[in-house]
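Colleague: Here it is, the structure, as structure tokens.
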């Protein structure tokens, strides 16, 4: 049994390899739900859907999110009405959100609904939401200077208008994760991140068992701050993981100092971490015995080991399902 | 100024003529919202949308609901997931529901959102929801016999299984309006109708003024029970209408003993009314001085007048916008 701590795109690609390396029914993914958002009344679970669609081979390979062959009639209509369409919900994708929202309103839990959706797509691995409680990643944007203030597209220029008389410093601004990630295109500096509701949340059904029972636990190459961070903020998950440290393998989402996708590198730097495999090792060394790094970072293997983790060097850039399967087999070799 | 009490399809057709007979900006429609339903988390307002789409010349002329040129990707996806898709929400139509739901969640009132949507479609008439409070038409289905029990598609046949030992009579069953109208295709007999929440509701913004200020008030040829009935159940509207009786013209939705569309004729009979223009006159005589009936019912004009209403005989079957405009002009002649 393999249990993978998962965010969105990076985790989905790894899982696509893992189900080629071992029977899919042996694989459980514990998926971040702190990116979940209510949009226009619909419960959207971006990471769960990215994993589901990718594993179903129905994902859009170009965007890394959404469905291939999608249409956009609903969003076009919404925009014609003046609605907020910065979070693009495709017509087929809407079917998922309609179903999830309807089932939740009927009283079903997110874990059950997630299992239903995965089964309808023919998936044989187990997808577990990290929690069924509301946990929301909130991002405090760094105090904007003029340039940033333009970048965030807001018309609150008055606050840093030097002619304004008041010597006001514009306050930091906290926004929901999707506003940071999608609306602002993660183009603004981050001052801090917190997981609203996490301290009162419970691990989702099956989550602690999946960690306790796994032969190997894998931390997917997802953003350590905003994809893996929320899982660790749910009381009980970090402790369960620590107790499996010897059997836990993390895959670095940072390759040669950069994130393959998304803002993980900048975010690490902005929050005072090092955007390198060594910085990743410092974040994970209490949780995982081994860090897998890309061949591009072979020269940093000693530095990783100096942080107290075994370092495995291999190809981690999952340009195809075959590369992902090879990476998965390597992870399982070192984890066992 | 013309104020029209409106349900869905019949009212939409009349309004399409009315805005040809007088400047659209002189027309206000007070629209039934007791058919509104939360589906998969989305606030759907079928009558408001039918009126809006029809007036925008964007409606589907074959169904009388929804948009022309609609696609069904979201519903197809929902069905593949095993979701409840009996209420068909087209992809373009979903844009409306997403926008409405999002704006309501932001704290906007239904009247403001309705005005925004109408303006986005370029409409110049005023559409007012009858109330901004939740009022829900609830339909008690007549105690099912075997045939009806099959017709309603439920697997509770045990209740009227004569071999069941228990001499149980299956209880009457109350369902929401859309379950009766759409899911059951209004193919089951109705025992009673009530408007849940009506007694605690307030008329929507502008509703009472629109009744007080109108030169002519029109009761559209909508279902008297479930389209006009909810408006009259909102405290204040029936009284306001009664005070305008002399200037109020009702158009019979019953032609030659039958409804042109929908179950109004059967519903009238099932609830103890006469499914004829005379039955309609009995329902409206306290509210309207005049009843417009179709030429097919010319022979019943005296019987209508015997109920205390003036009876105007003309073509009421609105097979085109021109017929609807002629009907509208006739209504305004007699109303003034």
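Colleague: Taking the stated definitions as given, is residue A:103 facing chain B (nearest Cβ under 10 Å), over 21 Å from residue A:15 (Cβ atoms) and either surrounded by fewer than 16 Cβ atoms within 10 Å (Cβ to Cβ) or modelled with pLDDT of 95 or more (or both)? Steps first, please.
Modeller: Working: facing chain B (nearest Cβ under 10 Å): yes; over 21 Å from residue A:15 (Cβ atoms): yes; either surrounded by fewer than 16 Cβ atoms within 10 Å (Cβ to Cβ) or modelled with pLDDT of 95 or more (or both): yes.
Spelling it out, residue A:103 is indeed facing chain B (nearest Cβ under 10 Å), over 21 Å from residue A:15 (Cβ atoms) and either surrounded by fewer than 16 Cβ atoms within 10 Å (Cβ to Cβ) or modelled with pLDDT of 95 or more (or both).
Colleague: Right, another one. So how many residues does segment A:144-169 have that are surrounded by fewer than 16 Cβ atoms within 10 Å (Cβ to Cβ) and at pLDDT 55 or above?
Modeller: 1
Colleague: Further question on the same structure: Within segment A:207-219, can you find the residues that are surrounded by fewer than 20 Cβ atoms within 10 Å (Cβ to Cβ) and within 18 Å of the chain's Cα centre (by Cα)?
Modeller: Hits for segment A:207-219: nothing passes.
Colleague: Among the residues that make up segment A:42-60, is at least one of them outside the structural domain of residue A:231 (by TED's automatic domain parsing) and modelled with pLDDT under 95? Full working, then the answer.
Modeller: The initial filter retains those residues of segment A:42-60 that are outside the structural domain of residue A:231 (by TED's automatic domain parsing), namely none.
Looking for residues that are outside the structural domain of residue A:231 (by TED's automatic domain parsing) and modelled with pLDDT under 95, one finds none in segment A:42-60, hence no.
Colleague: Can you tell me how many residues in segment A:68-100 are under 20 Å from residue B:83 (Cα atoms), more than 7 Å from every other protein chain (Cβ to nearest Cβ) and free of Cβ contacts under 8 Å to residues at least 40 places away in the same chain?
Modeller: Residues meeting the conditions: 2.
Colleague: Out of B:94, B:123, I need the residue that is touching a helix residue (DSSP H, G or I) at 6+ places or on another chain (Cβ under 6 Å), assigned to a helix (DSSP H, G or I) and at pLDDT 95 or above. Which one?
Modeller: Numbers: B:123 fails: assigned to a helix (DSSP H, G or I).
After applying the criteria, what remains is B:94.
Colleague: So residue B:263 clears everything in (1) modelled with pLDDT of 95 or more; (2) under 29 Å from residue B:142 (Cα atoms) except one condition, right? Which one?
Modeller: (1)
Colleague: Out of A:304, A:278, A:313, which single residue is more than 19 Å from the chain's Cα centre (by Cα), buried (at least 17 other Cβ atoms within 10 Å of the Cβ), within 26 Å of residue A:54 (Cα to Cα) and without any contact (Cβ under 8 Å) to a residue 40 or more places away in the chain? Talk me through it step by step, then tell me what you get.
Modeller: Working: A:304 fails: within 26 Å of residue A:54 (Cα to Cα); A:278 fails: within 26 Å of residue A:54 (Cα to Cα).
When all the criteria are applied, what remains is A:313.
Colleague: Additional query: Restricting to segment B:23-53, count the residues that are in a loop (DSSP other than H, G, I, E, B), more than 14 Å from chain A (Cβ to nearest Cβ) and surrounded by fewer than 24 Cβ atoms within 10 Å (Cβ to Cβ).
Modeller: Within segment B:23-53, the first condition is being in a loop (DSSP other than H, G, I, E, B), and the residues that meet it are B:23, B:32-36, B:40-41, B:45.
Of the ones still in play, those that are also more than 14 Å from chain A (Cβ to nearest Cβ) are B:23, B:32-35.
From what is left, the residues that are surrounded by fewer than 24 Cβ atoms within 10 Å (Cβ to Cβ) are B:23.
Residues flagged as in a loop (DSSP other than H, G, I, E, B), more than 14 Å from chain A (Cβ to nearest Cβ) and surrounded by fewer than 24 Cβ atoms within 10 Å (Cβ to Cβ) within segment B:23-53 amount to 1.
Colleague: Follow-up question, since we're still on this one. Of the residues that make up segment A:220-234, is at least one surrounded by fewer than 18 Cβ atoms within 10 Å (Cβ to Cβ) and in a loop (DSSP other than H, G, I, E, B)?
Modeller: Step one: of segment A:220-234, the residues surrounded by fewer than 18 Cβ atoms within 10 Å (Cβ to Cβ) are none.
Checked against the condition, which is being surrounded by fewer than 18 Cβ atoms within 10 Å (Cβ to Cβ) and in a loop (DSSP other than H, G, I, E, B), segment A:220-234 yields no hits at all.
Colleague: Can you name every residue in segment A:54-67 that is part of a loop (DSSP other than H, G, I, E, B) and closer than 13 Å to residue B:77 by Cβ? Working first, answer last.
Modeller: Of segment A:54-67, the ones part of a loop (DSSP other than H, G, I, E, B) are A:56-58, A:60-66.
Result: A:56, A:58, A:66.
Colleague: Can we say residue B:263 is closer than 28 Å to residue B:297 by Cα and either in contact with a strand residue (DSSP E or B) (Cβ under 9 Å, 6 or more places away or on another chain) or surrounded by fewer than 19 Cβ atoms within 10 Å (Cβ to Cβ) (or both)? Steps first, answer last, please.
Modeller: On the way: closer than 28 Å to residue B:297 by Cα: yes; either in contact with a strand residue (DSSP E or B) (Cβ under 9 Å, 6 or more places away or on another chain) or surrounded by fewer than 19 Cβ atoms within 10 Å (Cβ to Cβ) (or both): yes.
Taking the combined requirement at face value, the residue satisfies it.
Colleague: If you don't mind, another one. Is it the case, given these coordinates, that residue B:330 is assigned by TED's automatic domain parsing to the domain that holds residue B:245, in contact (Cβ under 8 Å) with a residue 24 or more places away in the chain and either under 29 Å from residue B:59 (Cα atoms) or not in a helix (DSSP H, G or I) (or both)?
Modeller: Working: assigned by TED's automatic domain parsing to the domain that holds residue B:245: yes; in contact (Cβ under 8 Å) with a residue 24 or more places away in the chain: yes; either under 29 Å from residue B:59 (Cα atoms) or not in a helix (DSSP H, G or I) (or both): yes.
So residue B:330 passes the test.
The values are calculated or read from the model by the stated rules, or taken from the named source; none is laboratory data. Just so it is clear, the model here is predicted, and its values are computed rather than measured. FYI the Cβ positions are ideal-geometry reconstructions off the backbone, even for glycines, and counts take in every protein chain you see.
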